[in-house]
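Notes for the one structure printed next.
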Number of protein chains: 2
Amino acid sequence: MAHETPFSAWKRTTTCGALRATDAGKEVILNGWVHRKRDHGGIHFINLRDRYGITQVVVDEESPEEVRRLVEALKYEYCIAVKGVVRLRPETMRNPQMPTGDIEVLATGIRPLSASEPLPFPIDDAIDAREELRLQYRYLDLRRPRMQRNLTLRHLVAWHAREYLVGKGFYEIETPTFIRSTPEGARDFLVPARLHPGRFYALPQSPQLFKQLLMVAGFDKYFQIARCYRDEDARGDRQPEFTQIDMEMSFVTQDDVLAETEGLMAHIFQKALGVDLSLPFPRLTYEEALDRYGTDKPDLRYGLELKDFTLHVDKGSFQAFQKVVAQGGVVKALVVEGGASFSRKEIEALEEVAKTYRAAGLAWMKVTEGGLEGGVGKFYQEAAPALITSLGARPGDLILLVGDTWKTACTALGAVRTAVARTRGLIPEGAFSFCWVVDFPMFEWNEEERKWDPAHHMFTMPREEHLPLLEKDPGAVKAAAYDLVCNGYELASGSLRIHDPELQRRIFKVVGFSEAEAASRFGFLTTAFKYGPPPHGGIAPGLDRLVMIMAGEETIREVIAFPKTAAGLSPLDGSPAEVDPAQLEELHLRVVLPEED
Amino acid sequence: MAHETPFSAWKRTTTCGALRATDAGKEVILNGWVHRKRDHGGIHFINLRDRYGITQVVVDEESPEEVRRLVEALKYEYCIAVKGVVRLRPETMRNPQMPTGDIEVLATGIRPLSASEPLPFPIDDAIDAREELRLQYRYLDLRRPRMQRNLTLRHLVAWHAREYLVGKGFYEIETPTFIRSTPEGARDFLVPARLHPGRFYALPQSPQLFKQLLMVAGFDKYFQIARCYRDEDARGDRQPEFTQIDMEMSFVTQDDVLAETEGLMAHIFQKALGVDLSLPFPRLTYEEALDRYGTDKPDLRYGLELKDFTLHVDKGSFQAFQKVVAQGGVVKALVVEGGASFSRKEIEALEEVAKTYRAAGLAWMKVTEGGLEGGVGKFYQEAAPALITSLGARPGDLILLVGDTWKTACTALGAVRTAVARTRGLIPEGAFSFCWVVDFPMFEWNEEERKWDPAHHMFTMPREEHLPLLEKDPGAVKAAAYDLVCNGYELASGSLRIHDPELQRRIFKVVGFSEAEAASRFGFLTTAFKYGPPPHGGIAPGLDRLVMIMAGEETIREVIAFPKTAAGLSPLDGSPAEVDPAQLEELHLRVVLPEED
């Protein structure tokens, strides 16, 4: 590009989204990208695009000779400056879909600011480029309206989250990202410390310990939109680094944390999306969630609740169910409205889903005007009317049944519920259904190591009334732990924390943590708790997932500016990459590749 | 601690900073820490502290028996809940220094929430604990009013920075912290990629490349309060991780970036400190800054400008100066008001400063009613009156002189200027003096490798009018680069960036970067610049340093919640630390300690 005059002479006086009919007659300079260009009988139309919108630029016989020559050379995505005069479009050419659709700018000068080679894919939402190509040219992918919208939304969500929390007296305090490795849960990413050969920093999986120290320090209400790191295997929709809205509060009860989080969500949805959430969110205990929806992440955008069928087992002669119940198990039922039209194949597909979740099988029967038909219907002929009424079923419905232990029966039929909702299109577009799941179990039985593991984390407070059960019956102890669920996604997880060193010691003991182990890993936290820690608790909504749900996207990669692939690779900059041998030498490290092991 | 009743029954109804005379008679619950406790003839006074203030709690003969018993057991920093009634203090006991000084709370109930062991140091600003001890018990150190104030200020600075930038249409966009290592400038911290044996991510020294990609993506105005990482040797006031207010703008001139930054600073100082900055900030070219203040980070809180003495050298007979000038050097003068009273020892100390900055020596003479005396005064007897007038000196002043190459003379005398200002107490308390330093040289001569290095960074735009000099005379080329300086600290550094691939290639060539090297390190940026990049530029004020200056602190460690020591250690959690051999094995790494090398 030639630089005859400095850029300052061509700097925009307005954006591509601003001009309206009332601006007609004004002289303006626009800067932007050639989004579309077309030629109608010697008249050139350029759709000039910037972050703020699109303005139609016209080069016609009134434009100077030089401009008419220059416009020929412009290609898609050239970055240009345009001088011109705003004029009303002819009545028939107005475009009410475009905010600037009443006007166009007649070009009196054009200056190319930079050229563009042919694009790997068009700047258009309707592309079918492979994700790897999109990520390699992410700066082009991000020019697409959908990605501009997603990152704008993410910006707004973070901003309004801060607005709410600052207004509520929270301080944003930065916690370190170079910390001590405390291996448990997921793997830590490590950072070799060059100045201390053989020693490593770890990147935090969350600011958990440090936010608790900030409560000990008396900061009362803390938050941080914090980057977190987990070195997990590539599966599902995971990223090695992710962001959470990390919160902690002193002198609070569980209800306080829940109410503050609800206020935060309502504020974000109102300000960033214009959506009014209805508060408070419904609360389900962990048991209730599992019992009614077969999952601790229930999607409440639709009904389709699981029903109890155990009480009907005796009324029929299906022996498999009778056996299950005799062994202490349960039978759960799902009534699918209009499901009698399901084909055998469709039912078999649902059975596969149930089996994936460890059910032995999926029984079924169809409701007709006359009673129950097909599948296990024949075993329940006599009880049919009472049974149909009790389940709230109607002719044309399908009844799906799983008999197993309570947890397996619920979980398997819950997965069937989700599959039915998806395939039958029961999920309303654009709906946001929140709920709380509370009273999680404090411990989970680790069959492999034959010990109790913490279900949430080591610092979670048991429910006060369950403290006496701690050693006697760990499996019966519920935690003051809560999950925020939206549309079937876990959006946030939190708990009240232990602030009593003695209670913390009891917990370490239950999960089989020796004093020495506890001291070496969490010693600095337990030491801190010797100096007047306040009662405290917190929660941490995941920002990536929140924005993903709000944007209606299927993966968090669509709402992260520069994500990695599922395998943790960046096609954009080629990271991770091999490094200079000198760098490793300085770090006192040697790579031992698997084949050399 | 016993837990007879749930905490919810003891949850605060107000804070320790809220109660006033008008609240007298109210029943309240307070939660907080025992800050002070004293016993006056059987009446106990507790200063109860939380983030919001201090309230005096009284336990006297009106308090229930149980409370009078409990209060005996309370020690400093116990966390407690107090139920009581607000009452006016007796007239003579009111404390106008305390916002809550008109009232006290008569305790009707006390519940200890947690106990405290004896403290390693008192919760008091007047402590002389070693920094290492303070960092080990940082959660206690952070309870001190000064640290509460510093972190509160940091929170406000970050918040109001965002408030300003969001109001100006900037989007906050997160850039990745796992990127490709592009070794240059400081060392990168590396993160081994477990899933990709032998490959590493690097942590970003700044979001530089990614914010430029966001401009290519059309985001127009970007900011991020971003964590950055530099693996530097332990010297000065450095931290392995630090935070900057990272900004980038498209379609702008240098003046636009400067004006936006000035607006940002004015907003932050007004909102967070109540200080009105006067805009615009003075602008000095790099040469002017060096010539007048002997540094590119001039402290403008005081005058004491360097003067030119070269033109006077001929008027006297001091041969050393004549020789310097004959060889193309200069002589710079510093007039110290009232400095004639300096002792020989004080002048020798200043000479040491000058020598540290490579000056051969520091000449001096004193101004008396009769003329010039002492030091080199005898060489300038004849010209004394004219010389004194020209330098603006007065009887009682001291004239300090350095003759050398221009840069060395300025730099050495600049260091003397700083030393004089400090020792003579010329620096006003609580003043904030900003200035811009502009027109930095584009390249620096690397004598060791006998090549030109980029003075700012590889992507800095040369000043448009100097483009023809690029290959002919790199040393003469000025950059569109600018530093924001406050009180002698570099607070921010920025530049307009190159957006022309051809120009970028020319720069790579001048600094001796081969095509292959450029492609392997920055290929993804130069590729991006093939697709219509906009003109753009940015700046990045350092948050740590900004808050340090605003708080009147001497080190950034005082404004970071959990800093490392100068050696990069954390006495709090013991990081960096050795890790499980299993962790290293999974990363395919072996530590090779120095002695094994």
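The values are calculated or read from the model by the stated rules, or taken from the named source; none is laboratory data. Just so it is clear, the model here is predicted, and its values are computed rather than measured. Here the Cβ is made from the backbone with ideal geometry for all residues, glycine too, and neighbour counts use every protein chain on show. Quick note on the areas: whole protein, heavy atoms, side chains included, nothing else; ligands and nucleic acids left out. Shrake-Rupley method; radii C 1.70, N 1.55, O 1.52, S 1.80 Å.
Looking across the stretch A:361-371, the residues that are surrounded by fewer than 15 Cβ atoms within 10 Å (Cβ to Cβ) and either small (G, A, S) or in a helix (DSSP H, G or I) (or both) come down to A:G361, A:G370. When restricted to residues that are polar (S, T, N, Q), over 19 Å from B:V34 (Cβ atoms) and assigned to a loop (DSSP other than H, G, I, E, B), the stretch B:86-106 contains 1. Pick from the stretch B:1-12 the residues that are at pLDDT 95 or above and part of a loop (DSSP other than H, G, I, E, B): which of them is most open to solvent (accessible area, probe 1.4 Å)? My answer is B:K11. Scanning the stretch A:13-56 for residues that are closer than 19 Å to A:P96 by Cα and open to solvent by 60 Å² or more (accessible area, probe 1.4 Å) turns up A:R20, A:T22, A:R36, A:Y52. For the stretch B:174-202, the set of residues classified as touching a residue at least 24 places away in the same chain (Cβ under 8 Å), within 7 Å of chain A (Cβ to nearest Cβ) and of a type in the set (V, I, T) consists of B:T175, B:T177, B:I179, listed by residue number. Does the stretch B:417-433 include one or more residues that are without any contact (Cβ under 8 Å) to a residue 60 or more places away in the chain and of a type in the set (G, A, S)? Yes, that holds for at least one residue.
Of the residues examined, A:R143 is one that is in contact with a strand residue (DSSP E or B) (Cβ under 9 Å, 6 or more places away or on another chain), among the charged types (D, E, K, R), at the interface with chain B (Cβ under 7 Å from one of its Cβ atoms) and touching a residue at least 40 places away in the same chain (Cβ under 8 Å).
Within the stretch B:500-538, restricting attention to residues that are closer than 23 Å to B:C228 by Cβ, of a type outside the set (A, V, I, L, M) and touching a Leu at 6+ places or on another chain (Cβ under 9 Å), the residue that is farthest from the other protein chains (Cβ to nearest Cβ) is B:G538.
When B:F513 is tested against (1) modelled with pLDDT under 90; (2) among the aromatic types (F, W, Y); (3) crowded, with 22+ Cβ neighbours inside 10 Å, just one condition goes unmet, and that condition is (3). Looking at the stretch B:107-176, the helices (runs of 4 or more DSSP H) lying wholly inside it that each contain 3 or more residues that are open to solvent by 30 Å² or more (accessible area, probe 1.4 Å) and either in contact with a Cys (Cβ under 8 Å, 6 or more places away or on another chain) or under 30 Å from B:A259 (Cα atoms) (or both) sit at B:145-167. In summary, B:D573 fulfils each of the numbered conditions (1) over 24 Å from B:G274 (Cα atoms); (2) surrounded by fewer than 21 Cβ atoms within 10 Å (Cβ to Cβ); (3) charged (D, E, K, R) with the single exception of condition (2).
For the stretch B:205-231, residues that are within 9 Å of chain A (Cβ to nearest Cβ) and open to solvent by 20 Å² or more (accessible area, probe 1.4 Å) total 4. Say whether the condition of being among the acidic types (D, E) and under 29 Å from B:G538 (Cβ atoms) is met by at least one residue in the stretch B:145-168. Yes, that holds for at least one residue. Report whether or not A:P594 is surrounded by 21 or more Cβ atoms within 10 Å (Cβ to Cβ), at the interface with another protein chain (Cβ under 8 Å from one of its Cβ atoms) and at negative phi. No. Within the stretch A:540-577, if we keep just the residues that are over 15 Å from the mean Cα position of the chain (by Cα) and hydroxyl-bearing (S, T, Y), the residue that is farthest from A:L133 (Cα to Cα) turns out to be A:S575.
State whether the residues of the stretch A:90-97 include one that is open to solvent by less than 60 Å² (accessible area, probe 1.4 Å), at negative phi and over 40 Å from the mean Cα position of the chain (by Cα). For the stretch A:90-97, residues open to solvent by less than 60 Å² (accessible area, probe 1.4 Å), at negative phi and over 40 Å from the mean Cα position of the chain (by Cα): absent. Where strands (runs of 3 or more DSSP E) fall wholly inside the stretch A:243-345, the ranges with 1 or more residues that are open to solvent by less than 30 Å² (accessible area, probe 1.4 Å) and of a type outside the set (A, V, I, L, M, F, W, C) are A:330-336. Residues in the stretch A:549-567 that are modelled with pLDDT of 95 or more and facing chain B (nearest Cβ under 10 Å): A:I560, A:A561, A:F562, A:P563, A:K564. Among the residues of the stretch B:55-85, which ones are closer than 17 Å to B:L140 by Cα, part of a strand (DSSP E or B) and within 35 Å of the chain's Cα centre (by Cα)? Across the stretch B:55-85, the qualifying residue is only B:C79.
Within the stretch B:228-242, the set of residues being part of a strand (DSSP E or B) and out of contact with any Lys or Arg (no Cβ under 7 Å at 6 or more places or on another chain) comprises B:C228, B:Y229, B:F242. Here A:P541 meets the list (1) in contact with a Ser or Thr (Cβ under 9 Å, 6 or more places away or on another chain); (2) open to solvent by less than 10 Å² (accessible area, probe 1.4 Å); (3) at the interface with chain B (Cβ under 10 Å from one of its Cβ atoms) almost entirely, failing just condition (3). B:R238 falls short on exactly one of the conditions (1) charged (D, E, K, R); (2) open to solvent by 20 Å² or more (accessible area, probe 1.4 Å); (3) over 18 Å from the mean Cα position of the chain (by Cα), and that condition is (3).
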